[in-house]
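The values are calculated or read from the model by the stated rules, or taken from the named source; none is laboratory data. Since we're looking at a predicted model, the values are computed, not measured. Glycine also receives a Cβ, built like all others from the backbone with ideal geometry; neighbour counts cover every protein chain displayed.
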Amino acid sequence: MEFEHIEFEVEKMTGDWDAQTLARAISAVDPDAKVDVDVDARNVKVDSWMMAEEFLVAFEDAGYKAKISKG
């Protein structure tokens, strides 16, 4: 299966703690996903074979509101 590049806008992301929490949430869904979190831009980039909606659920379960901005 081919990796998809997905980008999310995440509300209320303020620091490294948020970046680590989001990275863990993504890894729980897909341990092989490549993750890039930009706290200042409130942007999370994910390369994964999973569907974007699965990550949205993980973000919500971790206490974050997110929306797909690309992918």
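When the residues of region 38-49 are narrowed to those that are within 19 Å of M13 (Cα to Cα) and in contact (Cβ under 8 Å) with a residue 24 or more places away in the chain, which ends up surrounded by the most Cβ atoms within 10 Å (Cβ to Cβ)? Break it down stepwise before answering.
First, the residues of region 38-49 that are within 19 Å of M13 (Cα to Cα): 38-46.
Still in the list and also in contact (Cβ under 8 Å) with a residue 24 or more places away in the chain: 39, 42-46.
Values: V39: 16, R42: 18, N43: 16, V44: 27, K45: 17, V46: 24.
Here the answer is V44.
Residue by residue through region 50-71, note down the ones that are small (G, A, S), at pLDDT 95 or above, in a loop (DSSP other than H, G, I, E, B) and surrounded by 13 or more Cβ atoms within 10 Å (Cβ to Cβ).
A62
Considering region 5-19 alone, what residues qualify as being modelled with pLDDT under 95 and hydrophobic (A, V, I, L, M, F, W, C)?
M13
Output the qualifying pairs, or none if there are none: Cβ atoms under 7 angstrom, residues six or more apart or on different chains, first residue in region 19-31 and free of Cβ contacts under 8 Å to residues at least 40 places away in the same chain, second residue buried (at least 16 other Cβ atoms within 10 Å of the Cβ) and part of a helix (DSSP H, G or I).
Listed by first residue and then by second, the contacts come to A25/A58; A25/F59; I26/F55; I26/A58; A28/A58; V29/F55; V29/A58.
I'd like to verify a number: residues in region 15-45 that are of a type in the set (D, E) and touching a helix residue (DSSP H, G or I) at 6+ places or on another chain (Cβ under 7 Å), how many? Steps first, answer last, please.
Going residue by residue through region 15-45, those that are of a type in the set (D, E) are 16, 18, 30, 32, 36, 38, 40.
Then drop every residue that is not touching a helix residue (DSSP H, G or I) at 6+ places or on another chain (Cβ under 7 Å), which leaves none.
Number satisfying all stated conditions: 0.
Of all residues in region 7-45, which are farther than 16 Å from K65 by Cα and either part of a strand (DSSP E or B) or in contact with a strand residue (DSSP E or B) (Cβ under 6 Å, 6 or more places away or on another chain) (or both)?
D30, A33, K34, V35, D36, listed by residue number.
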